[in-house]
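The values are calculated or read from the model by the stated rules, or taken from the named source; none is laboratory data. Just so you know, these numbers come straight off a predicted model, no measurement behind them. Because the Cβ atoms are built from the backbone with ideal geometry, glycine has one as well, and the counts that use them run over all protein chains shown. Each accessible area value is taken on the protein alone, full model and side chains, heavy atoms only, with ligands, DNA and RNA left out. Shrake-Rupley method; radii C 1.70, N 1.55, O 1.52, S 1.80 Å.
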Amino acid sequence: MATLNSIKNMYGICSHVIRQTTGLRAAKLIQQRAFRVNGALRQQPFDSSEEKPQFPGASAEFIDHLEFIQPNVISGIPVYRVMDRAGKIINPSEDPQLSKEQVLNFYQKMTLLNTMDRILYESQRQGRISFYMTNYGEEGTHIGSAAALDPRDLVFGQYREAGVLMYRGFPLDLFMAQCYANVDDLGKGRQMPVHYGSKDLNFVTISSPLATQIPQAAGAAYAAKRENTNRAVICYFGEGAASEGDAHAGFNFSATLECPLIFFCRNNGYAISTPTNEQYRGDGIGKTGSTLFCLGSRSVCVRCEPRILCRAVAENQPFLIEAMTQATRIGHHSTSDDSSAYRSVDEVNYWDKQDHPISRLRHYMTARSWWSEEDERSWRKQSRKMVMEAFEKAEKRHKPHPDLMFSDVYEEMTPNLVKQKEAMWRHVQQYKEHYPLDAYAK
């Protein structure tokens, strides 16, 4: 009886498998017949001239003749400008209608930044600080773009955007504290000079490696979109950084993830010593995205584009502003550079004297009787005094305590960090004549 039951069970299993196999064959046969029918339908006559490319991501048309597109016969992307070098608004319909108070604030911030640059540059030459980078000729891009932002918008800078922080209210005392790496420095003396940052002002701390901030900004913008914070991100960089792989990764991430991000390229003509015509073949870097080519050394020009920020947030899409800073970089790349080795002094002097953004904005104000020679003398004297007071104060402050080199990474120091700290102090005590600890905070 047990044997009979086993045979019945085996028969049932076999029958189930056969039924399943038969069912699969039938389903497959039906699919094959359906494919043949659909294929026959697709093979019906059609007008090939109306056929559109179906390739994923394609938006072009089919053509039936081979054609080489010559870059020298295609006109470049137009450069948008509002004001000419004499300070005159070219098209009245594009005038942003800024108030006297706004324009005076722009001018005073631009000239204050210029004064701070000159004093800190000379202080480095005197050996008082280790390094410095000026913002000569690009003051307008800083102040104009900063004015178009909401204070909640997150800023990723490269290393030549001090004016953005200044416009947001970063005080001279903290600029000086960072460059002198003293006890008041928000970074606790751990960064090179000009590597500013402020959590309160939504300005991410600058890092030296080129273009690392670009994919970081794309990620921050994607997070803002996911959180629905109605907040934009702006990322500054130079045209030299646009040659880095990180730049193209950031551009692509922001486009495919549809991030509310403004890429702001300061195209000043030189990537340190490499001129643009040796760096790329093309019409700026602008062909990498939705672009506004802007003669960006004009603060009024950049300021009249807050509509781009509105679109970036409302439509969740990135934009690229390539600021063609016509004044180029007036001066050296940094205090480690001698630009006279690759640029003529006459070229630099021309932009400094003939077409400087500060001079242009001053012409604009003078034409409206908003600024006079006496105002200029008074403000220059006052601004220099402000910078010198912060400079002298910073120079007298102590350096941060050496123990701060080991903090703020882990909640509790790891054993290897403890050993390094102990080794440092043994070294300092052994060679104390080389380490003036009186200059450091207790």
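Computed quantities for the displayed model
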read-out	value
Failed criterion for A323 (all others in (1) closer than 20 Å to D117 by Cβ; (2) modelled with pLDDT of 80 or more; (3) surrounded by fewer than 24 Cβ atoms within 10 Å (Cβ to Cβ); (4) of a type outside the set (D, E, K, R) hold)	(3)
Filter result for the condition that a residue is closer than 15 Å to P151 by Cα and among the aromatic types (F, W, Y), over Y222, Y167, Y236	Y167
Exclusive hit being open to solvent by 10 Å² or more (accessible area, probe 1.4 Å), within 23 Å of the chain's Cα centre (by Cα) and either closer than 26 Å to L361 by Cα or of a type in the set (F, W, Y) (or both), set Y121, Y167	Y167
Residue in the range 362-376 that is open to solvent by less than 20 Å² (accessible area, probe 1.4 Å), more than 24 Å from Y159 (Cβ to Cβ) and touching a Phe, Trp or Tyr at 6+ places or on another chain (Cβ under 8 Å) present	yes
Helices (runs of 4 or more DSSP H) contained entirely in the range 111-196, each with at least 2 residues that are at pLDDT 95 or above and in contact with a Leu (Cβ under 9 Å, 6 or more places away or on another chain)	162-167, 172-180
Odd one out for K381, checked against (1) touching a Phe, Trp or Tyr at 6+ places or on another chain (Cβ under 9 Å); (2) farther than 25 Å from R85 by Cβ; (3) among the basic types (K, R)	(1)
Qualifying positions in the range 425-442 - over 25 Å from D185 (Cβ atoms) and open to solvent by 100 Å² or more (accessible area, probe 1.4 Å)	R426, Q430, E433
Residues that are among the aliphatic types (A, V, I, L, M) and open to solvent by 80 Å² or more (accessible area, probe 1.4 Å), drawn from the range 405-424	M405, V409
